[in-house]
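S.K.: I am attaching a structure below and will ask some questions about it afterwards.
Coordinate-derived values only; no laboratory data. Every value quoted in this text rests on a predicted model; they were computed, and no experiment measured them. Reconstructed Cβ throughout: ideal geometry from the backbone, glycine too, with neighbour counts over all protein chains shown.
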């Protein structure tokens, strides 16, 4: 099970990198994403993207959003905040 979460985290980091988020800013992005999802875990992709856009981030695509939600729901997203 641990390997599955490691694979999801690795995939999420790869997707964020593909979006153009610099490796040194990924922890800040993840923090903003955690705050957004903590406020309302049932947020839709549109709602999350609106909030992230207000904070100056680019929009997430559906695949990246699902990876982030999987990490968040299993408490693993926080580990990416290094």
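S.K.: 222 nm [θ] for the chain, helices only, -39500 (n - 2.57) per DSSP H run of 4+, per residue, to 500?
M.R.: The per-residue figure over the chain is -20500 deg cm²/dmol.
S.K.: Quick check on the exposure proxy: order 38, 11 from fewest to most C-beta atoms within 10 angstrom.
M.R.: 38, 11
S.K.: Between rounded, prolate and oblate, where does the range 2-81 land on the alpha carbon gyration tensor, with a ≥ b ≥ c its root eigenvalues, rounded for a/c under 1.5, else prolate if a/b exceeds b/c?
M.R.: Oblate shape, in that a/c is at least 1.5 and b/c is the bigger or equal ratio.
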